[in-house]
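Trainee: Got a structure here, written out as C-alpha cells. Questions coming.
The values are calculated or read from the model by the stated rules, or taken from the named source; none is laboratory data. Only a predicted model underlies this, so the values are computations on that prediction, with no experimental measurement involved. No Cβ is skipped: glycine too gets one built from the backbone with ideal geometry, and neighbour counts run over all protein chains shown.
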Ligand code: NAD
C-alpha cells in the first residue's frame, strides 16, 4: 500500500517532460492518475499503459485542450467519474514563445495566458468542490523561476508565471481550513527532451561545443551549472502530497540551482 493508495491525481500536460514524471511519481505511491496532453495516440497509450503495468494502479487519459474551459471541467469530471474523486490536481501544461514585445504575436500571447495561467483557474474551480466535500486536497501548480524574476523577450510566459504564483496564494487562503493545500513549484532549467533537442542547433548557430552551449547559454543563470531533473521536481511534488507537508500552503518553492538567489 503506497502513501497515496485510494487517491486520484489529475496532472495536466503529462504526456511528456515534468508532467509525466509527476504522474509516474504519484502512481509509484499508489495513486490512480489521469494524464493529459498532446501527442500521437500510440505514444500516449504507451505511457498510459506503462504507468499501469509499472505501478499496478489505474491510469486514464483526458485529451482536454487547456485552452478550452469546458474541456478542462470535463477532465476533472472524468477523474471523478472514473476513479470516484480528484484528490490531487497538478496544473502543469505549458508552452513558451520568445519575441520582443513589439513583435509578439497577439495569438501567442493569448495562447500562453490561456494554457499557462487560465487553465489552472478553470481546473481548480472545477476540482475544489469535491476536495472540500471530502475534506482533503492537494493543488500544485508548476510555475517557474520566471514566476519570481523576468528574462527579456518572454513577456507572456513571465506574466503567466507571475500570475500563477498569485493564483496559488489566493487559492491557498480560500481553502486553508479545508485540509486542502495549494502551492507552486518553480523550477529553473529542467533537463527535458525539449531542452535536449535545442542543443545541436545552438551548437551550430553559435559555433560552440556542447559543453559551451550548456554552461554559457542554457545554464548561464543557474549557479550550480547543472540541470534540474524531472525526477527531482516530481519528488518535491510527492512530498507536498504527504502529511509532513500539511502546513506548507501558499508557498512558491524554488528548485532552480540557485538561479533566483542571485
Ligand atoms: P513539455 O513540452 O515536455 O510538456 C508540456 C506538456 O503540456 C505536454 O504534455 C504538452 O502536450 C502539454 N500541452 C501543451 N499545450 C497543451 C494544451 N493546449 N492542452 C493540453 N496540454 C497541452 O514541457 P515541460 O518542460 O515538461 O514543461 C512542463 C511545465 O513546466 C510547463 O508549465 C513549463 O512552463 C514548466 N517549466 C519548465 C521548465 C523547463 O526547463 N523545462 C522550467 C520551468 C518551468
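Trainee: Tell me which residues, restricted to the stretch 54-83, are more than 14 Å from the ligand (Cβ to nearest atom) and under 17 Å from residue 21 (Cβ atoms).
Mentor: Correct list: 54, 55, 57, 59.
Trainee: Just name the residue that is nearest to residue 2 (Cα to Cα) out of those in the stretch 30-50 that are in contact with a strand residue (DSSP E or B) (Cβ under 7 Å, 6 or more places away or on another chain) and crowded, with 24+ Cβ neighbours inside 10 Å.
Mentor: 31
Trainee: Would you tally the residues in the stretch 172-202 being part of a helix (DSSP H, G or I) and either free of Cβ contacts under 8 Å to residues at least 60 places away in the same chain or within 13 Å of the ligand (Cβ to nearest atom) (or both)?
Mentor: So the answer is 13.
Trainee: Tell me whether the stretch 249-260 contains one or more residues that are assigned by the TED database to the domain that holds residue 138, surrounded by 13 or more Cβ atoms within 10 Å (Cβ to Cβ) and under 21 Å from residue 86 (Cβ atoms).
Mentor: yes
Trainee: Residues 5, 14: which one is part of a loop (DSSP other than H, G, I, E, B) and touching a strand residue (DSSP E or B) at 6+ places or on another chain (Cβ under 6 Å)? Break it down stepwise before answering.
Mentor: Details: 5 fails: touching a strand residue (DSSP E or B) at 6+ places or on another chain (Cβ under 6 Å).
That would be 14, the only listed residue that is part of a loop (DSSP other than H, G, I, E, B) and touching a strand residue (DSSP E or B) at 6+ places or on another chain (Cβ under 6 Å).
Trainee: What are the residues in the stretch 134-148 that are away from the ligand (no atom under 13 Å from the Cβ) and surrounded by 21 or more Cβ atoms within 10 Å (Cβ to Cβ), if any?
Mentor: Filtering the stretch 134-148 for residues away from the ligand (no atom under 13 Å from the Cβ) gives 134-139.
Correct list: 137, 138, 139.
Trainee: Looking at (1) within 16 Å of the ligand (Cβ to nearest atom); (2) over 19 Å from residue 13 (Cα atoms); (3) crowded, with 20+ Cβ neighbours inside 10 Å, which is the only condition residue 131 fails?
Mentor: Tallying (1) within 16 Å of the ligand (Cβ to nearest atom); (2) over 19 Å from residue 13 (Cα atoms); (3) crowded, with 20+ Cβ neighbours inside 10 Å, residue 131 fails exactly one: (1).
Trainee: Could you go through the stretch 119-134 and let me know if any residue there is over 20 Å from residue 162 (Cα atoms), touching a helix residue (DSSP H, G or I) at 6+ places or on another chain (Cβ under 9 Å), in the same structural domain as residue 12 (by the TED database) and not in a helix (DSSP H, G or I).
Mentor: No, every residue in the stretch 119-134 fails to be over 20 Å from residue 162 (Cα atoms), touching a helix residue (DSSP H, G or I) at 6+ places or on another chain (Cβ under 9 Å), in the same structural domain as residue 12 (by the TED database) and not in a helix (DSSP H, G or I).
Trainee: So, of the residues in the stretch 94-118 that are more than 13 Å from the ligand (Cβ to nearest atom), out of contact with any helix residue (DSSP H, G or I) (no Cβ under 7 Å at 6 or more places or on another chain) and not in a helix (DSSP H, G or I), which turns out to be farthest from residue 24 (Cα to Cα)?
Mentor: Ranking the qualifying residues of the stretch 94-118, first place goes to 100.
Trainee: Then there is this: Which of the residues belonging to the stretch 203-252 are part of a helix (DSSP H, G or I) and over 26 Å from the mean Cα position of the chain (by Cα)? Even if it seems obvious, please write down each step before you answer.
Mentor: The first filter runs over the stretch 203-252 and keeps only residues part of a helix (DSSP H, G or I), leaving 203-206, 210-218, 230-240, 243-245.
Scanning the stretch 203-252 gives 203, 204, 205, 206, 210, 211, 212, 216.
Trainee: So which residues in the stretch 58-93 are part of a loop (DSSP other than H, G, I, E, B) and surrounded by fewer than 22 Cβ atoms within 10 Å (Cβ to Cβ), if there are any at all? Write out each step before concluding.
Mentor: Applying the first criterion (part of a loop (DSSP other than H, G, I, E, B)) to the stretch 58-93 yields 58, 63-68, 84-87, 92-93.
Correct list: 58, 63, 65, 67, 68, 84, 85.
Trainee: Restricting attention to the stretch 17-47, report how many residues are within 14 Å of the ligand (Cβ to nearest atom) and in a strand (DSSP E or B).
Mentor: Within the stretch 17-47, residues that are within 14 Å of the ligand (Cβ to nearest atom) and in a strand (DSSP E or B) number 4.
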